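Enquirer: Sharing a structure with you now.
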Amino acid sequence: MSSDMNALQAKSAAPLDVIVVGAGFAGLYMSYRMRQAGLSAIVLEAGSDVGGTWYWNCYPGARCDVPSLEYSYSFSEELEQEWTWRERFATQPEILAYIRHVCDKFDLRRNIRFDTRVVSANFDDTEALWTLRTQADEAWRARFCVMATGCISEARIPDIAGVESFKGAIYHTGHWPQDGVEFAGKRVALIGTGSSGVQAIPCIAREAAHLTVFQRTPCYSVPARNAPLAPELVAEWKENCATKRAAARVSRVGVLHDYGTVPALETPADVRQKEFERRWIKGGTNFAYAYTDLGRNEQANECAASFVRAKIAEIVRDPETARKLTPVDYPIGAKRICVDTDYWETFNRSNVTLVDLRAEPIQSIGERSVNTQNGAYPADMLIMATGYDAITGALLAIDITTRAGASLRQAWAAGPRAYLGLAVAGFPNLFTITGPGSPSVISNVVLSIEQHVDWIAECLTGLGRQGVRQIEATDDAQERWVAHVQDVASGTLFSKANSWYLGANVPGKPRVFMPYVGGVGVYGNTCREVAEAGYRGFMLDGVESAKSRDVA
Ligand code: NA7
């Protein structure tokens, strides 16, 4: 334990200013801002190192699908200039190296306590203090609690009969062993064809004796066209990064996509085809932003979806396998679009088998097999690329309560309700970074994290200046924000797929569309206006801001 940590522990009888839960992109930047503001803070982290999602997700092929130049912090010009990304889309090891570099540069490790899982958080309304308890039954107390627990961090292993009898190793992509896994000579079974499966499948197929892919829902995947970054491009970015970052902050999803400006349905079919082809060749999720109506109009969306379907038919040689791989019953983009390197091509390999679980659902797992009604598929190793209890899972894994009797699990029993995705009525002095009702997973999440952290940091320093001890979202403001989030989403095609954005992948999870899709620029302005109006929609020491009437 570092001497700083000892000092913090010794001080822990006296409460800290802030406890941050999680040492990923969000928690680290929060800790940096707290130090800058002269507030005492500790970061409690379940993992043994920094990185959060990028620590746990070290499966083969793990890579970001936002361009590296943009998927990085913008708060330090010096950091921007000294770090050079190697590839267009960074690999997990490169992102983790970057995060470690940031920690070293800003000396952030001394405030982090690793291998420390928070199990509960309770707010004492009389003392205005949070007490967080860890799995090892330690208690930490602070005036403010910031949950930087991540949106896709609570891994979900489906409940499949017989899984406990499996004799081989079982891995979830989100809890991958840090020292890697050997596939040579192994018959590998992999369940799940979302972003993680799509990235891992080609890598595993190249090494394993045989790979059987169990697919429930076919995905839409576009090529990454990953490549080393040209030095001229990096130099140009570094020279203009301030302008580029500013443009990203007011864009739709926080990424400098080539956003189309006209509707697909008002574009001649041959022009549309050429545009889709151009974007397919360029690679990345830029494909999904070709026209203004792709996310709103089913007929327009069908133009893009059928383009991808035709590509699958062109690349995958066996027509029956191609048919099984082809998504037909939901719009492209309604589930998160996947970005791949050789995904479709992998199904042309002789050591890869695709099992369509819609035609033959998994009945059980045997000692060395995955069994469907059509028979037993041999397996020495089982990989769950089965996703997450996204957005709310990591928050609800912690028993968050107040002495006054509020419980987050109860408050969110019918679905999450939060004000701006930043705060929850009934839970004073608690902040959620990229919480439900904020752009979070729909956006460049590092950009959204910085926006939230900056907002919270300014809020805490402002409250300190005014001598305010307690801030809490009002029910009224929260209800209006939740309604606004649903309203904005209802004009889109997001409701047309069983996605994790809606909680549809977790049995029993209430179906509520969780991210805010009104755009990061619009959202950022709203947050700024709320702060400028004296924290409209919040109560400060129990008194509602006078201007809190018109929030959304
Ligand atoms: P995703 O996108 O939730 O994908 C999980 C996949 O696992 C998806 O294909 C699921 O099918 C499948 N799945 C889940 N449960 C089962 C069961 N019980 N049986 C069969 N198949 C199942 O998670 P990822 O880790 O790939 O990606 C998460 C995010 O990380 C990603 O969007 C990026 O932001 C990075 P389903 O579609 O539910 O039918």
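The values are calculated or read from the model by the stated rules, or taken from the named source; none is laboratory data. Worth saying up front: this structure is predicted, and the values here are computed from it rather than measured. Every residue, glycine among them, receives a Cβ derived from its backbone with ideal geometry; neighbour counts consider all protein chains shown. Accessible surface areas use protein heavy atoms only, side chains included; no ligands, DNA or RNA. Shrake-Rupley method; radii C 1.70, N 1.55, O 1.52, S 1.80 Å.
Enquirer: Which of the three applies to the stretch 146-193, rounded, prolate or oblate, going by the alpha-carbon gyration tensor with a ≥ b ≥ c and a/c under 1.5 meaning rounded?
Expert: Numbers: a/c = 2.55, a/b = 1.53, b/c = 1.66.
Here the stretch 146-193 falls in the oblate category.
Enquirer: Determine the gain in length on full extension of the stretch Glu164-Thr84; use 0.36 nm per residue of separation and subtract their C-alpha separation, reporting nm with one decimal.
Expert: Between Glu164 and Thr84, full extension yields an extra 24.3 nm.
Enquirer: What's the ranking of 256-264, 51-59 by average number of surrounding C-beta atoms within 10 Å, highest first?
Expert: Values: 256-264: 15.6, 51-59: 23.0.
The packing order, highest mean first, is 51-59, 256-264.
Enquirer: Oh, and also: Measure off, as a whole percent, the carbon and sulfur share of the 1.4 Å-probe accessible area of the chain, all protein chains present. It would help to have the intermediate numbers written out before the result.
Expert: On the way: 10910 of 21940 Å².
That fraction is 50 percent.
Enquirer: While we're here: Using 0.36 nm per residue, how much length does the chain from Glu302 to Gln363 gain when fully extended, once their Cα-Cα distance is taken away?
Expert: Working it through step by step, the gained length comes to 18.6 nm.
Enquirer: In addition: The chain: Rg/Rh from Cα coordinates, Kirkwood Rh?
Expert: 0.96
Enquirer: To the nearest 10 Å², what's Thr116's accessible area with a 1.4 Å probe?
Expert: Here the residue's solvent-accessible area equals roughly 10 Å².
Enquirer: Same structure, new question: How much accessible area per residue does the chain have, counting only protein heavy atoms and a probe of 1.4 Å, in square angstrom? Display every interim value, and only then the final one.
Expert: Details: 21940 Å² over 552 residues.
It amounts to 40 Å² per residue over the chain.
Enquirer: Applying 1/(1 + (r/R0)^6) with R0 = 41 Å to the Cβ-Cβ distance of Asp541 and Lys496, what FRET efficiency is obtained, to the nearest 0.05? If you can, show how the numbers build up before the last one.
Expert: On the way: r = 45 Å, r/R0 = 1.09.
My answer for the efficiency is 0.35.
Enquirer: Then there's this: What number, rounded to the nearest 500 deg cm²/dmol, is the helix-based mean residue ellipticity at 222 nm of the chain, given -39500 (n - 2.57) per DSSP H run of at least four residues and division by all its residues?
Expert: After summing the helix terms and dividing by the residues of the chain, the value is -10000 deg cm²/dmol.
Enquirer: Run the quick spin-label model on Ser76 and Ser48: label points 7 Å from Cα toward the beta carbon, then report their separation in nm to one decimal.
Expert: With each label placed 7 Å out from Cα toward Cβ, I get 2.6 nm.
Enquirer: Pop a pseudo-label 7 angstrom from the Cα along the beta-carbon direction at both Val522 and Lys238 and give the gap in nm to one decimal.
Expert: Between Val522 and Lys238, the label points sit 3.8 nm apart.
Enquirer: Please list, ordered by chain and number, the residues whose modelled amide H lies under 5 Å from the amide H of Ile400; skip anything fewer than 5 residues away on the same chain.
Expert: Residues meeting the amide H criterion: Ala121, Leu408, Arg409.
Enquirer: List residues of the stretch 425-457, by number, whose backbone nitrogen lies under 18 Å from a label position 7 Å along Cα→C-beta of Tyr259.
Expert: Correct set: 438-449, 451.
Enquirer: Right, something else. Can you list the HN-Hα couplings for the stretch 467-474, worked out from phi with the Karplus curve (6.51, -1.76, 1.60; θ = phi - 60°), rounded to whole Hz and with x for Gly and Pro?
Expert: Whole-Hz 3J(HN,Hα) from phi for the stretch 467-474: x, 7, 8, 9, 10, 8, 5, 7.
Enquirer: What shape does the stretch 310-400 take by its C-alpha gyration tensor, where a ≥ b ≥ c are the square roots of the eigenvalues and a/c under 1.5 counts as rounded, a/b above b/c as prolate, and the rest as oblate? Could you put the intermediate results ahead of the total?
Expert: Values: a/c = 2.10, a/b = 1.22, b/c = 1.71.
Note, shape of the stretch 310-400 comes out oblate.
Enquirer: Which shape class, rounded, prolate or oblate, goes with the stretch 342-383 when its Cα gyration tensor gives a ≥ b ≥ c as root eigenvalues, a/c under 1.5 marks rounded, and past that a/b bigger than b/c marks prolate? Don't skip to the end; give the middle numbers.
Expert: Details: a/c = 2.51, a/b = 1.53, b/c = 1.63.
The shape class here is oblate.
Enquirer: Something else now. Out of residues 5 or more away from Arg469 or on other chains, whose amide H comes under 5 Å of its own, with H placed 1.01 Å from N in the peptide plane?
Expert: Correct list: Asp541.
Enquirer: Further question on the same structure: If every alpha-carbon in the stretch 184-284 counts as one equal scatterer, what log10 I(q)/I(0) does Debye give at q = 0.12 1/Å?
Expert: Each listed q corresponds, in turn, to -0.70.
Enquirer: Mind ordering 217-229, 74-86 by average Cβ neighbours within 10 Å, highest first? Write out the running numbers ahead of the final one.
Expert: Working: 217-229: 18.9, 74-86: 14.4.
So the order, starting with the most tightly packed, is 217-229, 74-86.
Enquirer: Can you compute 3J(HN,Hα) from phi for each residue in the stretch 118-125, using the Karplus curve 6.51 cos²θ - 1.76 cosθ + 1.60 with θ = phi - 60°, rounded to whole Hz and x for Gly and Pro?
Expert: 7, 10, 8, 9, 10, 9, 8, 5
Enquirer: Just to be sure I understand the model, the point goes 7 Å from the Cα along the line to the Cβ. What's the resulting Thr353 to Ser120 distance in nm?
Expert: 4.9
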